[in-house]
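For reference, the structure is listed below as structure tokens.
The values are calculated or read from the model by the stated rules, or taken from the named source; none is laboratory data. These numbers come from a predicted model, not from an experiment. Counting neighbours? That spans all protein chains shown, and the Cβs are built from the backbone with ideal geometry, glycine included. Note: areas computed on protein heavy atoms with side chains; ligands, DNA, RNA excluded. Shrake-Rupley method; radii C 1.70, N 1.55, O 1.52, S 1.80 Å.
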Amino acid sequence: MKTEVTSLLGIEYPIIQGGMAWVAEYHLAAAVSNAGGLGLIGAASAPPEWVREQIREAKKLTDKPFGVNIMLISPHADDVAKVVIEEGVKVVTTGAGSPEKYMEMWKKAGIKVIPVVASVALAKRMERCGADAVVAEGTEAGGHIGENTTMVLVPQVADAVSIPVIAAGGIADGRGMAAAFMLGAKGIQLGTIFVVSNEAQVHENYKERIIKAKDIDSRVTGRSTGHPVRALRNDMTKKYIELENKGASFEELELLTLGGLRKAVVEGDVKAGSVMSGQIAGLVKERMSCQEIVQKLVVEADGLIKGAKFYE
Amino acid sequence: MLEKVKEIIVENLGVEEADVKPESNFKEDLGADSLDLFELVMALEEEYGVEIPTEDLEKIATVNDVIEYIESHK
């Protein structure tokens, strides 16, 4: 399945695994890359030495390209930005802002840079500063989100820039993949479905919570503080939203979520922890290997597009 | 210049013109989030033919800051 994204990244299928904090570590990244997609290591707020170690471990498991997602508001962003060059990483995706100040050094090192954007203006800005592609991520996604839906954002970004657009947010099967192509995307990025993959080093409780989730089970906390985050509903989201409605301060709200993702992913505390997930959790019903996930996506999407006939 | 900048702010942030004062803080007084700020910066760059790198965005908090920035970088 050749698209501009597969040629740009040197991969077989235009499928990227999201750089989710705590979840996107080297076992998962290597498994997705071995399956023909692009795996990502999520640097999140981790120190540079952790990221270096992760990259080296991933290389032991795969000889295919993989990438690192750098969260730009991390206190370690400057150092991690250098580590990816030193370790010869091929692809960098970025979140939470604009990576302009690193662009020159990354391009010089031959790294393909793919910022995640949630608006047309930011996509245009990224193209101007030399991005190779953009991930247009709709509000259906898990974790930190923007306001536009994938359905609305992807075609507008595709019209606004001439670099390839990768759709993210709300995709977990071949129908979503085919729809993304229809909207103008040349690739897709998925998170939630890879969280429940066999290779993801995620606590069983977390995986089980996603598998059991229904369509209406996600909640957005933090709209009042300007940092909206999507997670599956539990004691934490309930308490958070109650406090938020009462006009609680940023500091007070922060206390509730501090370390919440780690609590859920590592310790399996899905009641008080933050079970970040996309809205599409309701569609994620079975556990598969990354290989099976990627193959299923490709076969379904390919069949739908080739056999597409919606009216007489 | 204040008038034109005000107009661009009103258009891009969807705020009332009367609320836009030289000392208005984009985040605190005008309720802009980071995406709104990128929207605004792109519009200002187009109008005044300047490029405002993201590093400099951190230094721009108020309407006055924007005007001073543009004047010194034109």
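Worth pointing out:
- Residue in segment B:3-17 that is open to solvent by less than 40 Å² (accessible area, probe 1.4 Å) and within 16 Å of A:ARG128 (Cβ to Cβ) present: no
- Tally, over segment A:290-312, of residues that are among the hydrophobic types (A, V, I, L, M, F, W, C) and assigned to a loop (DSSP other than H, G, I, E, B): 2
- Residues in segment A:121-135 that are away from chain B (no Cβ under 14 Å) and either part of a helix (DSSP H, G or I) or open to solvent by 20 Å² or more (accessible area, probe 1.4 Å) (or both): A:ASP132 only.
- Scan of segment A:142-162 for residues that are of a type in the set (Ser, Thr, Tyr) and either open to solvent by 50 Å² or more (accessible area, probe 1.4 Å) or part of a loop (DSSP other than H, G, I, E, B) (or both), ordered by number: A:THR149, A:SER162
- The residue that is farthest from the other protein chains (Cβ to nearest Cβ), among those in segment A:163-175 that are surrounded by 19 or more Cβ atoms within 10 Å (Cβ to Cβ) and touching a Gly at 6+ places or on another chain (Cβ under 8 Å), is A:ALA172.
- Cβ pairs under 6 Å, 6+ apart, first in segment A:224-236 and modelled with pLDDT of 95 or more, second of a type in the set (D, E, K, R) and assigned to a helix (DSSP H, G or I): A:LEU232/A:ARG209
- Evaluation of A:VAL161 against (1) free of Cβ contacts under 8 Å to residues at least 60 places away in the same chain; (2) closer than 23 Å to A:PHE310 by Cα (one fails), failing number: (2)
- Scanning segment A:41-62 turns up one or more residues that are in a helix (DSSP H, G or I), open to solvent by 60 Å² or more (accessible area, probe 1.4 Å) and hydrophobic (A, V, I, L, M, F, W, C).
- Scope segment A:96-110; condition more than 12 Å from chain B (Cβ to nearest Cβ) and either in contact with an Asp or Glu (Cβ under 9 Å, 6 or more places away or on another chain) or open to solvent by 20 Å² or more (accessible area, probe 1.4 Å) (or both); matching residues: A:MET105, A:LYS107, A:LYS108, A:ALA109, A:GLY110
- Considering the conditions (1) touching a residue at least 60 places away in the same chain (Cβ under 8 Å); (2) more than 20 Å from A:ALA185 (Cβ to Cβ), A:LEU297 is excluded by exactly one of them, (2).
- Scan segment B:35-51 for residues that are closer than 14 Å to B:ASN12 by Cβ, more than 10 Å from every other protein chain (Cβ to nearest Cβ) and aliphatic (A, V, I, L, M) and the total you get is 1.
- Single unsatisfied condition, A:ALA118 versus (1) under 26 Å from A:GLU286 (Cα atoms); (2) buried (at least 22 other Cβ atoms within 10 Å of the Cβ): (1)
- A:VAL270 satisfies every condition listed in (1) touching a residue at least 60 places away in the same chain (Cβ under 8 Å); (2) of a type outside the set (Gly, Ala, Ser); (3) touching a strand residue (DSSP E or B) at 6+ places or on another chain (Cβ under 7 Å); (4) closer than 16 Å to A:ASP217 by Cα except (3).
- Residues satisfying the stated conditions in segment A:203-225, i.e. of a type in the set (Val, Ile, Thr) and closer than 12 Å to A:ALA264 by Cβ: A:ILE210
- When A:ILE85, A:ILE73 are screened for being over 21 Å from A:VAL195 (Cα atoms), open to solvent by 10 Å² or more (accessible area, probe 1.4 Å) and either modelled with pLDDT of 95 or more or in a helix (DSSP H, G or I) (or both), only A:ILE85 passes.
- Elements of the type helices (runs of 4 or more DSSP H) sitting completely within segment A:224-289 and holding at least 1 residues that are open to solvent by 50 Å² or more (accessible area, probe 1.4 Å) and under 25 Å from A:SER197 (Cβ atoms): these cover A:260-265.
- Qualifying residue in segment A:12-26 (condition: in a strand (DSSP E or B), under 13 Å from the mean Cα position of the chain (by Cα) and aliphatic (A, V, I, L, M)): yes
- Residues of segment B:38-66 satisfying the condition of being open to solvent by less than 20 Å² (accessible area, probe 1.4 Å) and either part of a helix (DSSP H, G or I) or touching an Asp or Glu at 6+ places or on another chain (Cβ under 7 Å) (or both): B:PHE38, B:LEU40, B:VAL41, B:LEU44, B:GLU45, B:ILE52, B:VAL63, B:VAL66
- For B:ASN25, the criteria (1) open to solvent by 20 Å² or more (accessible area, probe 1.4 Å); (2) within 14 Å of chain A (Cβ to nearest Cβ); (3) more than 11 Å from the chain's Cα centre (by Cα) hold in every case but one, which is (3).
- Filter pass, B:ALA32 being open to solvent by less than 70 Å² (accessible area, probe 1.4 Å), part of a helix (DSSP H, G or I), facing another protein chain (nearest Cβ under 10 Å) and not acidic (Asp, Glu): no
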